[in-house]
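Q: Handing you this structure, nothing more for now.
The values are calculated or read from the model by the stated rules, or taken from the named source; none is laboratory data. Source: prediction; values computed, not measured. Note that we place each Cβ from the backbone using ideal geometry, even for glycine, and neighbour counts take in every protein chain shown. We work out accessible area using only protein heavy atoms, side chains counted, and drop any ligands, DNA or RNA first. Shrake-Rupley method; radii C 1.70, N 1.55, O 1.52, S 1.80 Å.
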Amino acid sequence: LHRGDAMRIDLIAPPYSGHLHPVLAMASTLAAHHEVRVLSTPSAMVQIARAGLVGVPLLDADAEHALDAISDPRHAVRNHPLRMHRQLRAALDVVARFAQALRDTYADAATRPGLVIADFTVPAAGAVAQSLGIRWWTSLPSPCVLEAPDGPPAYMGGLLPATHAGQRIHHALARLAVRGFKRGVHRAYRRRMTALGLPRLYRDDGSEAVYSSERILALGVEALEFPRTWPAALRFVGPQLPVPGTETPWLAQRPAPRFVEGRRHVLVTLGTHLRWAKEAFDLRLRALAAAMPDVEFHFTDGDATAGHHDHTGNHQRLAYIDYARWIGCYNLVVHHGGAGILYQCLAAGRPAIVCPQDYDQFDHAARLQDARAALWLRDPAGLEAAVRRAFAEPALFAGLPALQAAVRAAAAGPRLVTEVADDTSW
């Protein structure tokens with residue numbers, strides 16, 4: 001291939017909205033210039049087709065069921081050792097099946113792409129690509145999870161930048177703890193990790209082997225992140241989102257939320273997963289709706305396959321709300337800190353209350369509050385007080401316009417296409 005020429009590109013992602021939707025957005029952008037396919041599980045094929053893209057199914061219904069149980073457990077995982085152990089063991093089983101399915105797909109050399117772009121949750125895809133001589137890049141919706149030699153590490157409850165020597169020492173120890181924990185897990189599963197093409201977690205230069213050494217596409221804006229030394233392979237290409245106010249084609253038939261003219265509206269979402277947390281959170285929301293009868297509250301389950309819409313007084317519970325279409329209609333958003341919804345809020349300039357539940361959501365909450373673009377709700381019991389404060393003190397979100405401008409600027413530029421076209425090593 002010559003520089004700028006069209007090529008065959010495969011994008012790989014799990015079927016969940018926070019991972020699949022950014023990949024579909026990237027695929028749609030690249031499809032105007034290259035031959036693009038999206039590889040995922042069978043349940044994602046409908047969404048891929050409705051996005052006007054070519055899909056390739058991997059795995060089967062049994063594997064998808066196991067994958068769903070891993071990604072949407074009945075309780076929070078956080079740093080609970082036994083739960084993490086069970087989740088990882090089950091994940092390795094599914095990843096092994098996924099890797100074999102990918103090898104089978106690429107068995108015919110004539111069908112292999114020139115480049116694989118894989119979501120960071122499927123590092124085995126990169127290992128398979130490398131073993132077959134296919135170039136591999138990583139797609140990363142949450143840049144904060146990358147390890148760095150400085151700055152606060154992720155997965156430690158949402159650490160803020162250090163302001164004095166004691167905090168810098170604490171961060172250094174926390175970074176050592178994160179790396180030590182990962183090494184310990186890898187040693188415990190060394191045989192299975194090696195079989196997946198991951199014989200070690202760190203390269204000789206200290207970079208993480210589960211991410212591409214060539215290119216890590218950070219699907220965000222650096223203005224939101226805390227200062228740190230990024231890996232040389234990292235490139236910020238902006239969040240991959242539909243244009244605010246547009247309707248996502250494959251969700252056009254979902255029931256629409258009902259808005260009441262002259263009233264303030266609050267959207268509440270915990271994303272696609274976290275079913276263990278949703279019922280309890282919605283109970284709090286119903287109590288809040290009763291306490292604030294002049295405000296409309298909409299709760300979404302994040303289930304694009306369902307069609308329910310329950311409406312009681314000023315409370316609505318919907319199966320799915322298309323953020324791209326409706327986010328601008330809300331005065332306030334309460335969310336869990338997922339990368340998708342946080343960037344939708346920033347793009348639309350919507351103030352938010354972030355109530356993180358698990359994984360990197362605490363790190364996102366810390367960054368948003370530090371940037372004065374959202375409030376971090378550490379205890380769901382304080383939901384009513386946080387909502388009232390958000391409405392009463394708009395100055396709390398003084399940093400929102402600057403971040404909105406950064407997100408819009410990133411979306412306006414063809415950074416992803418340029419990144420592919422300008423790579424001189426094709």
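Q: Somewhere in segment 326-345, is a residue more than 23 Å from the chain's Cα centre (by Cα), farther than 19 Å from ALA280 by Cβ and among the polar types (S, T, N, Q)?
A: The answer is yes; a qualifying residue exists.
Q: Could you identify the single residue in ASP294, ASP322, ASP303, ASP310 that is within 20 Å of ALA25 (Cα to Cα), open to solvent by 10 Å² or more (accessible area, probe 1.4 Å) and out of contact with any helix residue (DSSP H, G or I) (no Cβ under 9 Å at 6 or more places or on another chain)?
A: One residue alone meets the criteria, ASP303.
Q: Further question on the same structure: Taking the condition hydrophobic (A, V, I, L, M, F, W, C) and in contact with an Asp or Glu (Cβ under 9 Å, 6 or more places away or on another chain), does LEU160 pass? It would help to see each step written out before you state the result.
A: Working: hydrophobic (A, V, I, L, M, F, W, C): yes; in contact with an Asp or Glu (Cβ under 9 Å, 6 or more places away or on another chain): yes.
Spelling it out, LEU160 is indeed hydrophobic (A, V, I, L, M, F, W, C) and in contact with an Asp or Glu (Cβ under 9 Å, 6 or more places away or on another chain).
Q: Give me the residue from segment 66-89 that is closer than 23 Å to PRO22 by Cα and open to solvent by 40 Å² or more (accessible area, probe 1.4 Å) and, out of that set, modelled with the lowest pLDDT.
A: ALA69
Q: Give LEU92, LEU115 a once-over and let me know the one that is touching a Lys or Arg at 6+ places or on another chain (Cβ under 7 Å), more than 22 Å from TYR16 (Cα to Cα) and aliphatic (A, V, I, L, M). Steps first, answer last, please.
A: Working: LEU92 fails: more than 22 Å from TYR16 (Cα to Cα).
The match here is LEU115.
Q: Of all residues in segment 95-117, which are open to solvent by less than 10 Å² (accessible area, probe 1.4 Å) and closer than 20 Å to ASP60 by Cβ?
A: Within segment 95-117, ALA99, LEU102, TYR106 qualify.
Q: Moving to a separate point now. Could you count how many residues in segment 36-49 are in contact (Cβ under 8 Å) with a residue 40 or more places away in the chain and outside any helix (DSSP H, G or I)?
A: 2
Q: While we're on this one: Name the single residue, out of those in segment 124-159 being free of Cβ contacts under 8 Å to residues at least 40 places away in the same chain and not hydrophobic (A, V, I, L, M, F, W, C), that is least open to solvent (accessible area, probe 1.4 Å).
A: Across segment 124-159, the extreme among qualifying residues is PRO153.
Q: Please state which one of ALA188, ALA165, ALA195 is of a type in the set (Gly, Ala, Ser), open to solvent by 30 Å² or more (accessible area, probe 1.4 Å) and over 27 Å from ALA90 (Cβ atoms). Explain how you work it out, then say what you get.
A: Details: ALA188 fails: over 27 Å from ALA90 (Cβ atoms); ALA195 fails: over 27 Å from ALA90 (Cβ atoms).
One residue alone meets the criteria, ALA165.
Q: Mind checking whether some residue in segment 17-27 is farther than 19 Å from THR138 by Cβ, in a helix (DSSP H, G or I) and at pLDDT 90 or above?
A: The answer is no; no qualifying residue exists.
Q: Taking helices (runs of 4 or more DSSP H) that do not extend beyond segment 330-424, which have at least 1 residues that are open to solvent by 40 Å² or more (accessible area, probe 1.4 Å) and hydroxyl-bearing (Ser, Thr, Tyr)?
A: 415-421
Q: List, please: which pairs have Cβ atoms under 9 Å, are six or more places apart or on different chains, and start with a residue in segment 181-195 that is closer than 15 Å to ALA127 by Cα and end with one that is basic (Lys, Arg) and at pLDDT below 90?
A: If the second residue must be basic (Lys, Arg) and at pLDDT below 90, the pairs left are ARG192/ARG89.
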